[in-house]
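The structure under discussion appears below in the form of structure tokens.
The values are calculated or read from the model by the stated rules, or taken from the named source; none is laboratory data. Bear in mind that the values here come from a model prediction, so they are computed numbers and not experimental data. Counting neighbours? That spans all protein chains shown, and the Cβs are built from the backbone with ideal geometry, glycine included. Ligands, DNA and RNA are stripped out before the accessible areas are found, and what is left, the full protein with its side chains, is counted by its heavy atoms. Shrake-Rupley method; radii C 1.70, N 1.55, O 1.52, S 1.80 Å.
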Amino acid sequence: MELFCQMSNIFKVIPVVLILGSLGSRLGECRNVKISNTISYSAISCRKHSAVLTDFGGVGDGKTSNTKVFQTAIANLSKYSPDGGAQLIIPAGKWLTGSFNLTSHFTLFLHKEAVLLASQDEAEWPILPPLPSYGRGRDATGGRFSSLIFGTNLKDVVITGNNGTIDGQGATWWNKFHKGLLNQTRPYLIELLYSHKIQISNLILINSPSWNVHPTYSSNVLIQGLTILAPVDSPNTDGINPDSCTNTRIEDCYIVSGDDCIAVKSGWDQYGIKFGMPTKKLVIRRLTCISPDSATIALGSEMSGGIQDVRAEDITAINTQSGIRIKTAAGRGAYVKDIFVRRMNFKTMKYVFWMTGSYGSHPDKGYDPNALPIITRINYRDIVAENVTYSARLEGIEKDPFTGICISNANITLTKKPEKLQWNCTDIEGVTSNVNPRPCSLLPGKRLECPFPKDRLPIENVKLKTCSAAS
């Protein structure tokens, strides 16, 4: 029930929903709130009801576990889903917590001085079964730890802030992984499954145990303004991994990672083929990446549900292993097609162009080696790269060449000690135009400009509202 609380020195009545965390309190009781603490933010949806984590007894000392506090708060606020939804404000402080689940028509907002600290106690991380499109965990054959912020079968969810921080405290997990001490796959920071209408924005994510942001089997996903940081030698700390998602927009993100800054996925070998859910209609723009051992944007290697219609533009990479990398292999099946990339600026790169048709790492021996992927209609244009070791390493699959490759207007400046063979090409077909250094013979020169779509995807038309809350 919406309540109306008289606020001192304010000559109006403001509807709020506030919950006291002390024993004997009830959902919906009111307390005095200073209007000077009002926050505003942009979101796909605003909420009618609001509460602060401390209303439920949260303790922001960085030592006290708040796992049950988060679970209780969200469970209570979920009753407002049919009545304009609810938002949970995380105020300044260090909030230690294990995994917790979100609800529909809900906003989680982190104050700029709020830090969510991921618990290092495995008991605070529920075990989930493997994803059906993967068949097993990625770190181990068993299940996987639930992500820090998790949800499934949700609608209209916002995870945002004014650059509040989520700290995965990943070092303990990385050590266990390196020592082979984990029987389950490490947790991610944010994962939403089978969900629709998602926003993840304006946050700082650091030291994730593994992947940072993993929208999966979902649609209408908006990811904006994330700063994602991890040591460049940390294992599998991918930045953003859209996985079997449709209509996704990723923009204005800065990522320093121990793995791919963005990894586009859709399932693993026979499990992904059977599940059959592609990633398609994906926009990636205004991305800055630093990842010395991995890709700016990787397509695969788990792409067995298919990847189609990816549009990447205004991409910057510094001291990164490769630009847009396609990773696949016999046994993957499915396809990577209709990929459009333009306006890439690279500095200090090992490879500008890299396609791999022999990327192994199968889930088990049950995959079909005759399930050959189709890689076609891959387009790059308007590229400037400096201090490059190799211009390109393009390796298709024997009797299954990668076709329809188009590269136009690419100027690559080499390092002082470049590799002698600048274009290493096997089992590929395509064309180039105005590319320097001169490409391999399998990519003959023609006068053309590689295409980039002129239409807009539906997710590009989504506009944000200005929302507010008392903190």
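Some points to look at:
- The residues listed here are Glu429, Glu395, Glu386; of these, the one that is under 13 Å from Ile326 (Cα atoms) and at pLDDT 95 or above is Glu395.
- Residue check for Arg447: open to solvent by 70 Å² or more (accessible area, probe 1.4 Å), without any contact (Cβ under 8 Å) to a residue 24 or more places away in the chain and more than 28 Å from Thr246 (Cβ to Cβ): yes
- For the stretch 273-297, residues that are touching a strand residue (DSSP E or B) at 6+ places or on another chain (Cβ under 7 Å), without any contact (Cβ under 8 Å) to a residue 40 or more places away in the chain and surrounded by fewer than 24 Cβ atoms within 10 Å (Cβ to Cβ) total 4.
- From Ile159, Ile89, Ile149, residue being open to solvent by less than 50 Å² (accessible area, probe 1.4 Å), within 15 Å of Leu203 (Cα to Cα) and more than 22 Å from the chain's Cα centre (by Cα): Ile89
- Considering the stretch 161-233, the qualifying strands (runs of 3 or more DSSP E), each wholly inside and each with 1 or more residues that are in contact with a Pro (Cβ under 8 Å, 6 or more places away or on another chain), run over 190-193, 196-201, 213-216, 219-224.
- Residue that is farthest from the chain's Cα centre (by Cα), among those in the stretch 423-442 that are over 16 Å from Val384 (Cα atoms) and in a loop (DSSP other than H, G, I, E, B): Ser441
- Number of residues in the stretch 50-90 that are in a loop (DSSP other than H, G, I, E, B), of a type outside the set (S, T, N, Q) and closer than 22 Å to Gln120 by Cα equals 4.
- When residues of the stretch 356-378 are limited to those that are over 21 Å from Ser294 (Cβ atoms), in contact (Cβ under 8 Å) with a residue 12 or more places away in the chain and outside any strand (DSSP E or B), the one most open to solvent (accessible area, probe 1.4 Å): Asn370
- Any pair with Cβ under 6 angstrom, 6 or more apart, that starts in the stretch 133-152 at a residue that is modelled with pLDDT of 95 or more and of a type in the set (S, T, N, Q) and ends at one that is surrounded by fewer than 20 Cβ atoms within 10 Å (Cβ to Cβ) and assigned to a loop (DSSP other than H, G, I, E, B): Ser146/Pro126; Thr152/Tyr194
- In the stretch 316-328, the residue that is farthest from the chain's Cα centre (by Cα) out of those that are open to solvent by less than 20 Å² (accessible area, probe 1.4 Å) and under 20 Å from Asp243 (Cβ atoms) is Thr328.
- The number of residues in the stretch 104-118 that are without any contact (Cβ under 8 Å) to a residue 60 or more places away in the chain and surrounded by 20 or more Cβ atoms within 10 Å (Cβ to Cβ) comes to 6.
- Under the condition of being under 22 Å from Val336 (Cβ atoms), crowded, with 19+ Cβ neighbours inside 10 Å and of a type outside the set (Val, Ile, Thr), the residues counted in the stretch 419-432 number 3.
- Scanning the stretch 258-272 for residues that are of a type in the set (Ser, Thr, Tyr) and open to solvent by 10 Å² or more (accessible area, probe 1.4 Å) yields a single hit, Tyr271.
- Flag for Gly137 being assigned to a loop (DSSP other than H, G, I, E, B) and surrounded by 21 or more Cβ atoms within 10 Å (Cβ to Cβ): yes
- Test: residue in the stretch 182-199 that is without any contact (Cβ under 8 Å) to a residue 12 or more places away in the chain and over 13 Å from the mean Cα position of the chain (by Cα): no
- Hits in the stretch 339-355 (condition: under 20 Å from Lys280 (Cα atoms) and either in contact (Cβ under 8 Å) with a residue 60 or more places away in the chain or touching a Gly at 6+ places or on another chain (Cβ under 9 Å) (or both)): Phe340, Val341, Arg342, Met355
- Positions within the stretch 46-66 being open to solvent by less than 10 Å² (accessible area, probe 1.4 Å) and either without any contact (Cβ under 8 Å) to a residue 12 or more places away in the chain or not aliphatic (A, V, I, L, M) (or both), in sequence order: His49, Asp55, Asn66
- Residue within the stretch 461-470 that is modelled with pLDDT of 95 or more, among the small types (Gly, Ala, Ser) and part of a strand (DSSP E or B) present: no
- Exclusive hit being open to solvent by less than 10 Å² (accessible area, probe 1.4 Å) and either in contact (Cβ under 8 Å) with a residue 12 or more places away in the chain or not hydrophobic (A, V, I, L, M, F, W, C) (or both), set Thr227, Thr216: Thr216
- First in the stretch 68-80 and among the polar types (S, T, N, Q), second anywhere and in a helix (DSSP H, G or I) and surrounded by 23 or more Cβ atoms within 10 Å (Cβ to Cβ), Cβ under 9 Å, 6 or more apart: Thr72/Phe56; Asn76/Phe56
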